[in-house]
Amino acid sequence: MATLLVKNSHTLVTMDATRREIAGGGLFVRDRVIEQVGTTDELPETADTILDLQGRHILLPGLVNTHHHFYQSLTRVIPAAQDCDLFNWLQSLYPIWSNLTAEGVYVSAQLAATELILSGCTTASDHLYLFPNNCTLDEEIRAVHEIGLRFHASRGSMSVGESQGGLPPDSLVEDEAAILKDSQRLIEQYHDNSRYSMLRLTLAPCSPFSVSPTLMRESAAMARAYPGVRLHTHLAENQSDVTYSLETFGLTPGDYAESVGWLGEDVWHAHCVQLSDDAIAKFARTGTGVAHCPCSNMRLASGIAPIRKMLDHKVPVGLGVDGSASNDTGNLLQEARMAFLLARVRHNRVADMTARQILEVATLGGARVLGRDDVGYLAAGMAADFITVNIDRPQFAGALHDPVAALIFCQVDRVDYSFINGRCVVDQGQLTTIELAPLLEKANHLAQQLIEPS
């Protein structure tokens, strides 16, 4: 069994039960699992691979991304959608997204995964909910497997088009029986619920304004028939979303989620910007999670999610960068910084969020939202998913009295090392698993084809 020793960090941030921060700390890994955490002099002296951080790196758990739309990486900054709120933004982009191909799904997934990994993400969920031109979730799964990201693939769906009162065009919706059939195929083909799994499946009907209550209920029943298959959707993203729920179902978003069986420890909802106090209480009682996406919520002028209130009520909260057509980047460390700042701005109270609290949301919080007890903190028996940030960078100059807080207060563009499942996927700031230049060239070509199909 291969061994790995990481030693002599400046500070090791464990995020364990006591939130230990170990000066000069390190890790010993055997066969992709952490065997020992402590000061360097407490660890074994030899290993098959040794990484000496020479006292210049913060070592911490890999970050967890709980909401994304990888395919949108090919449609950033589309002029017609730059100044739209949620519904108008979607309606501007649906015609472009209808040109998506299987190759586009594959390339956009690798591009999005690259951004996430370089910004410290080691586990991510993605929500693919449209399947034109014979696109399938299989292409995305293959792409992410090749790049080495620990992945929760969400089989999204849209089934209620404009003619039935939904938002998406009829050309982009699917038959509900076909959705459920493909969902079952994907679960049985790919879902791995074992500890340290690199791939798990989620069922994710897109939103209240694009699927029926029947599909919500039947998806929940299917997911709960398989161990570890979770449920995910968008909820209460902005005021128009709330208005749609009230006018269509006669229920607030939280009550609607409850009516279709979408509360529970196996469920998490994206955004929840306009979630009521009553719904927050229901989420807390049932362990229902939230993916907080601050940059997207700002970009679309949706509002500021009340995550301080959610956290105070013990609602599971993780971070999500959301799709790159509404962010328009995929930097998870940046997302943590924005979440930290917005939490303070919401009620003009600096006490509402500290740097270490948002790091907890980005690691432990995300792991809890995704139902994982094997990632999110560094301790014996945990997966060897960790990152380092070299403090010898201009952004940290003058901040070395608290470099852990500097991860959030100061801007970090990328990590220096990242290990996922014990494998080095970022080495001195460079991705090791694929060549970046050909990927970028292909992505730009496919992005142009989406706008101007041949």
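The values are calculated or read from the model by the stated rules, or taken from the named source; none is laboratory data. Just so we're clear, the structure is a prediction, and the values are computed from it rather than from any experiment. Reconstructed Cβ throughout: ideal geometry from the backbone, glycine too, with neighbour counts over all protein chains shown. Only protein heavy atoms, including side chains, enter the accessible area calculation; ligands, DNA and RNA are left aside. Shrake-Rupley method; radii C 1.70, N 1.55, O 1.52, S 1.80 Å.
Does region 426-440 hold any residues that are over 22 Å from the mean Cα position of the chain (by Cα) and at positive phi, and which are they? Listed by number, the list holds a single entry, Gln428. In region 226-252, which residue that is free of Cβ contacts under 8 Å to residues at least 60 places away in the same chain and closer than 30 Å to Asn193 by Cβ is surrounded by the fewest Cβ atoms within 10 Å (Cβ to Cβ)? If we take residues in region 226-252 being free of Cβ contacts under 8 Å to residues at least 60 places away in the same chain and closer than 30 Å to Asn193 by Cβ, then Pro227 is surrounded by the fewest Cβ atoms within 10 Å (Cβ to Cβ). With respect to the conditions (1) within 22 Å of the chain's Cα centre (by Cα); (2) in a strand (DSSP E or B); (3) surrounded by fewer than 18 Cβ atoms within 10 Å (Cβ to Cβ), Arg76 lacks only one, and its number is (2).
Being open to solvent by less than 30 Å² (accessible area, probe 1.4 Å) and not in a helix (DSSP H, G or I) is the requirement here; does Leu359 meet it? In short, no.
Is it the case that some residue within region 330-343 is aromatic (Phe, Trp, Tyr) and farther than 22 Å from Thr39 by Cα? The answer is yes; a qualifying residue exists.
Applying the set (1) farther than 16 Å from Leu12 by Cα; (2) open to solvent by 70 Å² or more (accessible area, probe 1.4 Å) to His401 leaves exactly one unmet item: (1). One residue alone among Ala301, Ala305, Ala223 is of a type outside the set (S, T, N, Q), out of contact with any Gly (no Cβ under 6 Å at 6 or more places or on another chain) and without any contact (Cβ under 8 Å) to a residue 40 or more places away in the chain, and that residue is Ala305.
Could you tell me whether region 59-69 includes any residue that is surrounded by fewer than 23 Cβ atoms within 10 Å (Cβ to Cβ) and either modelled with pLDDT of 95 or more or polar (S, T, N, Q) (or both)?
We begin by selecting, within region 59-69, every residue surrounded by fewer than 23 Cβ atoms within 10 Å (Cβ to Cβ); these are none.
No.
So which residues in region 308-323 are in contact (Cβ under 8 Å) with a residue 24 or more places away in the chain and either touching a Leu at 6+ places or on another chain (Cβ under 8 Å) or farther than 22 Å from Trp89 by Cα (or both), if there are any at all? Answer for region 308-323, where residues must be in contact (Cβ under 8 Å) with a residue 24 or more places away in the chain and either touching a Leu at 6+ places or on another chain (Cβ under 8 Å) or farther than 22 Å from Trp89 by Cα (or both): Arg308, Lys309, Met310, Leu311, His313, Lys314, Val315, Pro316, Val317, Gly318, Leu319, Val321.
Rundown of residues vs (1) of a type in the set (Asp, Glu); (2) modelled with pLDDT under 95; (3) assigned by the TED database to the domain that holds Val425, yes/no style:
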| residue | (1), (2), (3) |
| --- | --- |
| Thr40 | no, no, yes |
| Glu45 | yes, no, yes |
| Gln82 | no, no, no |
| Asn99 | no, no, no |
| Phe131 | no, no, no |
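If we keep just the residues of region 118-173 that are of a type in the set (Lys, Arg) and without any contact (Cβ under 8 Å) to a residue 60 or more places away in the chain, which is least open to solvent (accessible area, probe 1.4 Å)? Please lay out each step first, then the result.
Here is the first cut: in region 118-173, the residues of a type in the set (Lys, Arg) are 142, 150, 155.
Next cut, without any contact (Cβ under 8 Å) to a residue 60 or more places away in the chain only: 142, 155.
On the way: Arg142: 120, Arg155: 8 Å².
Across region 118-173, the extreme among qualifying residues is Arg155.
Consider Phe396 carefully, then state whether it is open to solvent by less than 80 Å² (accessible area, probe 1.4 Å), among the aromatic types (Phe, Trp, Tyr) and within 23 Å of Ile34 (Cβ to Cβ). It is false that Phe396 is open to solvent by less than 80 Å² (accessible area, probe 1.4 Å), among the aromatic types (Phe, Trp, Tyr) and within 23 Å of Ile34 (Cβ to Cβ).
Of the residues in region 228-256, how many are part of a loop (DSSP other than H, G, I, E, B) and hydroxyl-bearing (Ser, Thr, Tyr)?
To start, the set of residues in region 228-256 that are part of a loop (DSSP other than H, G, I, E, B) comprises 228-229, 236-238, 250-252.
This time we only want the ones that are hydroxyl-bearing (Ser, Thr, Tyr), so: 252.
Of the residues in that region, 1 qualify.
In summary, Asp192 fulfils each of the numbered conditions (1) part of a loop (DSSP other than H, G, I, E, B); (2) in contact (Cβ under 8 Å) with a residue 12 or more places away in the chain with the single exception of condition (2).
Restricting attention to region 408-454, report how many residues are in a loop (DSSP other than H, G, I, E, B) and of a type in the set (Val, Ile, Thr). Break it down into steps so the answer makes sense when it comes.
Of all residues in region 408-454, those in a loop (DSSP other than H, G, I, E, B) come to 410-416, 421-422, 428-429, 432-435, 452-454.
With the extra rule that they be of a type in the set (Val, Ile, Thr), the set shrinks to 412, 415, 432-434.
Residues flagged as in a loop (DSSP other than H, G, I, E, B) and of a type in the set (Val, Ile, Thr) within region 408-454 amount to 5.
For region 266-300, a tally of residues being of a type outside the set (A, V, I, L, M), open to solvent by 10 Å² or more (accessible area, probe 1.4 Å) and within 18 Å of the chain's Cα centre (by Cα) returns 3. Among the helices (runs of 4 or more DSSP H) confined to region 262-335, the ones with at least 3 residues that are of a type in the set (D, E, K, R) and over 30 Å from Ile96 (Cβ atoms) are located at 277-286, 307-312.
Looking only at region 23-58, filter to residues that are among the acidic types (Asp, Glu) and not in a strand (DSSP E or B); which one of those is most open to solvent (accessible area, probe 1.4 Å)?
Per the criteria, the residue is Glu45.
In summary, Arg200 fulfils each of the numbered conditions (1) in contact (Cβ under 8 Å) with a residue 40 or more places away in the chain; (2) surrounded by fewer than 21 Cβ atoms within 10 Å (Cβ to Cβ); (3) among the charged types (D, E, K, R) with the single exception of condition (2).
Identify the residue in region 88-99 that is more than 22 Å from the chain's Cα centre (by Cα) and part of a helix (DSSP H, G or I) and, among all such residues, is surrounded by the most Cβ atoms within 10 Å (Cβ to Cβ). Walk me through it before giving the result.
Of region 88-99, the ones more than 22 Å from the chain's Cα centre (by Cα) are 88, 91-92, 94-96, 98-99.
Pick out the ones that are also part of a helix (DSSP H, G or I) and you get 88, 91-92, 94-96.
Values: Asn88: 14, Gln91: 16, Ser92: 17, Tyr94: 17, Pro95: 14, Ile96: 19.
The qualifying residue surrounded by the most Cβ atoms within 10 Å (Cβ to Cβ) is Ile96.
Of all the criteria given as (1) more than 22 Å from Asn421 (Cα to Cα); (2) open to solvent by less than 10 Å² (accessible area, probe 1.4 Å); (3) touching a helix residue (DSSP H, G or I) at 6+ places or on another chain (Cβ under 8 Å); (4) not in a helix (DSSP H, G or I), the one not satisfied by Ile179 is (4).
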